[in-house]
Each structure stands twice: as C-alpha cells, then as structure tokens.
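Reading through the structure tokens given below for one structure.
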Ligand SMILES: [Zn+2]
C-alpha cells in the first residue's frame, strides 16, 4: 500500500454490485405492488433482467462506473444476469468499465430459472470470459433457483479456473443454503447471509449490503456473529462505499451501541483482500481527516481526485478518460429503450 496523506484513502471496493440495475431508476411501475422479497424479485428484477440487451448493459455499466469514480470507488465486484443476452455480456461490462477507468470483477449468475438451457448458457458465459483471461469469478444466482447439479457444475468450473463462486446466500430464503455445503472454499463470496445460522460452516467472505437488506425488508444479518471475513457491497443501490459504511455503522449501532466505526471500516477494508490492486489506488478527498470515527458521522464527503493504477481518472469533479455529460445523456436514452422493452414483456 502506498503512503497516504490524512485526506487520502486507497480506492474503495464495492464487493457486491449489479451494474445491470444502473438504469432502473424511473422504470415503469410493476404490474402490482410487491409485498415481500419473492414478489420484489418476480415483479421488478426478474422482469428488468429479461428486458436487457448488450447495448443497455453497456450504458448501464458505464453510468455506474462514472458514479463509482465520483464516490472514490475504484473497484467493483459485479454479479450479472441478462437471460435474453447472455453470451458476451461479461465482456461488454468489462469493456464499459475499462473505458471509464474503473476496475471490475465480472460473474454471470447461473440459474435454473430459465430451464437447463439457460443454466448451460450462463455456465458457458462464465467459462468463455474466464478462459479469455477476463477478471472474474463464477456467478451463481442463489441456491433457491438452482438444482444441485447446477451448483456442483458452478463449483467445478470455478475450481478449474482457480477462482471462487459469487453467490447470493440466505437473503430471503431460509432453508436452501445447506445445499452449498461441501462446495464452498475460502475464495467464495457469500452475499447477504441474513438467515444463516452462526455455525453455518460455509467457507468464504460474507458480503454485507445493509441498505439493500433494509430496502427489501429481509432482516439484519448481523455479520459480526460469523467466523468468516466480512466485506461491504451495495447490491446495486449505487456504488458509494462511504455511504454504505455509514449505513452499516448505524445499523450495527441500532443493535449494539458499543459497535465501533473501526469494526465497520475493517469490513470495508476486506475489499482490499478481495481486490488487492485497489489498495494501491489513491483517492484524495475534500475532507481533511479520513478517519473512521470522523467518517461515521460526516456526510457529503467526495473525492477531489482519483488515481487508479497510476493514472488520474477523476479530477475537479469530472472524469478524465471519458466525456461525463455524454455518458449520462446516452445512458438516459438507453434507459428509455430499456423501459420500452420492459413494457413489451
Ligand atoms: Zn445481489
């Protein structure tokens, strides 16, 4: 890690995101109001992912990558699904992030929701991307949408590529996580873990997404109770990791008033184990003391410059590699195309 001044941090890491949801704000209302997490998936996200094509995936990823720089986040671990545009989708995301200058780790969320053919296509996309040298993991949607055979195939593919599996675990589902037992290794990312028992026995890093969990009313994972390392993600609600840090802190305090900002900062710091290059990125902030005890209670902090791999990619409120207003305008147009496709479903 490089020597940092008091107003600097390494590049922040988002350990779980969905870049495909970047254009979702303002989307048409679902046909009926979802009343629980299952209905939120059915009526919102599993309609949106079916409406995506490679073009809207690219603009969504660029829009979020731009937001990442604006928030001092230099590395994103993404979990992607687009059942009607699977092949090539991970390369589209990787290229979009590279254009803006943000590091990304890609995975395609394999699932049996679209039959054996859909699962095979998802497996093939992970294999294709990793075989071509892409930075990524093998994605698995969640045990509750996958057969035992699909889970085993994802674990096997990951082993062959020397990477972990990136999978949602016990988010709203209570009794399907056991089917992952025997497959997990330390390089897996276990997203949420809300309903995992303390002694679940799964290996890997638990990624805590407190705002998403509250938004979906699935409960609090209280990640301190696990022996696993803990990291922080946004689950697709933006990519502002200082904001997620503050939410994680206040959520932990709600349960236990002795919880400290240092604990939550350590969770954020786990991101540098998952994405080591980001530890050498340098973000300079408009706040003089980037100390966890300050940051837990200070809002509206933003970067004045972002250096990724020795290149300044954000300075004076604007990206240096791309035209920010143009990306925002084209992303807004792509969002309208996506909403039209959604309305046709
Ligand atoms: Zn997620």
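Conditions (1) away from the ligand (no atom under 16 Å from the Cβ); (2) closer than 17 Å to residue 327 by Cβ; (3) assigned to a helix (DSSP H, G or I); (4) under 17 Å from the mean Cα position of the chain (by Cα), marked per residue:
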| residue | (1), (2), (3), (4) |
| --- | --- |
| 27 | yes, no, no, no |
| 41 | no, no, yes, yes |
| 50 | yes, no, yes, no |
| 84 | yes, no, no, no |
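With respect to residue 212, determine if the residue is within 16 Å of the ligand (Cβ to nearest atom), part of a helix (DSSP H, G or I), touching a strand residue (DSSP E or B) at 6+ places or on another chain (Cβ under 9 Å) and within 30 Å of residue 23 (Cβ to Cβ). In short, yes.
Tell me which residues, restricted to the range 106-127, are in contact (Cβ under 8 Å) with a residue 60 or more places away in the chain and either crowded, with 23+ Cβ neighbours inside 10 Å or in a helix (DSSP H, G or I) (or both). Explain how you work it out, then say what you get.
First, pick out the residues of the range 106-127 that are in contact (Cβ under 8 Å) with a residue 60 or more places away in the chain: 113.
Result: no residue meets the conditions.
Working only within the range 218-246, note down all residues that are part of a helix (DSSP H, G or I) and within 16 Å of the ligand (Cβ to nearest atom).
Of the range 218-246, the ones part of a helix (DSSP H, G or I) are 223-225, 241-246.
Answer for the range 218-246, where residues must be part of a helix (DSSP H, G or I) and within 16 Å of the ligand (Cβ to nearest atom): 223, 241, 244.
Selection over the range 133-154 of residues that are within 19 Å of residue 75 (Cβ to Cβ), assigned to a loop (DSSP other than H, G, I, E, B) and either within 16 Å of the ligand (Cβ to nearest atom) or touching a residue at least 24 places away in the same chain (Cβ under 8 Å) (or both) gives a count of 3.
Scanning the range 15-25 for residues that are within 13 Å of the ligand (Cβ to nearest atom) and outside any loop (DSSP other than H, G, I, E, B), we see that the one that is surrounded by the fewest Cβ atoms within 10 Å (Cβ to Cβ) is 21. Of all residue pairs spaced 6 or more apart or on separate chains, those with beta-carbon atoms under 6 Å, a first member in the range 231-260 that is at positive phi and modelled with pLDDT of 95 or more and a second member that is crowded, with 21+ Cβ neighbours inside 10 Å and not in a helix (DSSP H, G or I) are 235/16; 235/209; 236/17; 236/18.
Could you list, in sequence order, the residues of the range 155-209 that are more than 16 Å from the ligand (Cβ to nearest atom) and within 17 Å of residue 78 (Cα to Cα)? Give the derivation first.
Taking the range 155-209 and keeping what is more than 16 Å from the ligand (Cβ to nearest atom), we get 155-163, 174-175, 178-179, 181-187, 197-203.
Hits for the range 155-209 are 158, 163, 187.
The values are calculated or read from the model by the stated rules, or taken from the named source; none is laboratory data. None of the values given here were measured: they were computed from a predicted structure. FYI the Cβ positions are ideal-geometry reconstructions off the backbone, even for glycines, and counts take in every protein chain you see.
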